[in-house]
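The values are calculated or read from the model by the stated rules, or taken from the named source; none is laboratory data. No experiment lies behind these values; they were computed from the predicted model shown. With ideal geometry, Cβ positions are generated from the backbone for all residues, glycine too; neighbour counts draw on all protein chains shown.
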Amino acid sequence: MDLVGLAGSINTLVDFCARRDVPALEPASADVAILFGGSIVAGADIFAAAIRAGVADCYLIVGGEGHTTDALRRFLAESILGETRPETEAALFDRYLRRRYAVRADLLEQESTNCGSNVTNALALLRAEGVPHDRLVLVQDATMQQRMDAGFRLHAPSAEIINYAAHRTFVTETLEFADPPAGMWPLDRYVSLLLGEVPRLTDDADGYGPAGRGFIAHVDVPAEVHRAANHLKESAYFAPREADHRWAS
């Protein structure tokens with residue numbers, strides 16, 4: 001097995017998917033900062049720092065229940081909260097923020113089940129609450145940040161978006177995490193999630209863009225990203241995440 005080559009392909013996908021538009025979140029950057037429930041716990045740590053720094057005027061956590069919820073519940077029950085409750089992702093993250101950092105979100109959206117409803121429900125809640133949202137900071141898992149940006153570009157085309165992925169976790173030449181953040185996915189799950197993004201972001205008949213399902217705005221997927229994804233799939237060690245139809249509606 002060519003570990004070096006596989007590591008390079010994984011890191012190519014990370015570099016593409018884990019989008020950060022700025023090197024750091026600065027005070028007064030946005031009207032609203034949004035944390036999404038698909039993130040690992042490291043995203044909540046980023047969000048707590050943003051609240052303390054005064055990055056935005058309003059802080060919103062978005063997430064009902066979806067394909068990442070069980071992993072979040074397990075990690076928080078085992079490491080921080082000491083108990084498991086059938087809470088939404090937004091409620092779990094808010095409780096974590098209050099318990100660990102003594103900060104909290106202004107708003108929680110607890111009905112969404114996938115990236116598409118994350119976007120539409122978040123915007124609907126902000127409109128209903130009369131919260132200005134011309135400038136948005138988005139904090140999502142490394143694997144889904146690029147798609148979250150595309151969703152907001154479709155549904156809020158006039159908004160200024162600042163992407164700040166919860167983490168950018170690269171692998172070493174031995175396929176290990178050098179410094180894994182809190183709640184980090186197991187390697188096979190991480191690669192599966194990254195691989196699953198490439199067909200979703202590809203703007204063709206099978207993707208989520210305008211040429212396909214119309215869930216997101218167009219995304220330019222570089223040729224090297226397609227090559228990296230194909231290399232990983234052909235290795236037979238990794239496979240893309242399949243859609244879970246429980247959360248597709």
Being within 24 Å of Ala229 (Cβ to Cβ), part of a loop (DSSP other than H, G, I, E, B) and touching a strand residue (DSSP E or B) at 6+ places or on another chain (Cβ under 7 Å) narrows Met184, Met148 down to just Met184
Selection from segment 124-174 of residues touching a helix residue (DSSP H, G or I) at 6+ places or on another chain (Cβ under 7 Å), acidic (Asp, Glu) and within 22 Å of Tyr59 (Cβ to Cβ) yields Asp141
Residues of segment 61-91 being part of a helix (DSSP H, G or I), modelled with pLDDT under 90 and surrounded by 19 or more Cβ atoms within 10 Å (Cβ to Cβ), in sequence order, are Thr69, Leu72, Arg73, Leu76, Glu89
Inside segment 18-43, the number of residues satisfying the requirement of being touching a residue at least 40 places away in the same chain (Cβ under 8 Å) and either part of a loop (DSSP other than H, G, I, E, B) or in contact with a Lys or Arg (Cβ under 8 Å, 6 or more places away or on another chain) (or both) is 15
Picking from Gly8, Gly43, the residue that is modelled with pLDDT of 90 or more and in the same structural domain as Ala178 (by TED's automatic domain parsing) would be Gly8
Per the list (1) over 20 Å from Ile51 (Cα atoms); (2) in contact with a Ser or Thr (Cβ under 9 Å, 6 or more places away or on another chain); (3) outside the structural domain of His231 (by TED's automatic domain parsing); (4) of a type outside the set (Lys, Arg), residue check on Ala124 breaks on (2)
Q) Is it the case that Asp149 is among the charged types (D, E, K, R), touching an Asp or Glu at 6+ places or on another chain (Cβ under 9 Å), surrounded by 17 or more Cβ atoms within 10 Å (Cβ to Cβ) and within 19 Å of Ile46 (Cα to Cα)? A) yes
Only one of (1) modelled with pLDDT of 95 or more; (2) buried (at least 18 other Cβ atoms within 10 Å of the Cβ) does not apply to Pro132, and that is (2)
query = So is Phe238 of a type in the set (Phe, Trp, Tyr) and out of contact with any Ser or Thr (no Cβ under 8 Å at 6 or more places or on another chain) or not?
reply = no
Residues of segment 171-207 being surrounded by fewer than 17 Cβ atoms within 10 Å (Cβ to Cβ) and under 15 Å from Phe16 (Cα atoms), in sequence order, are Pro199
Looking across segment 37-60 at residues that are within 15 Å of Ala165 (Cα to Cα) and out of contact with any Ser or Thr (no Cβ under 9 Å at 6 or more places or on another chain), the single one that is surrounded by the fewest Cβ atoms within 10 Å (Cβ to Cβ) is Ala49
How many residues of segment 151-181 are closer than 20 Å to Asn114 by Cβ and in a strand (DSSP E or B)? The answer is 2
In segment 1-17, residues that are assigned to a loop (DSSP other than H, G, I, E, B) and of a type in the set (A, V, I, L, M) total 1
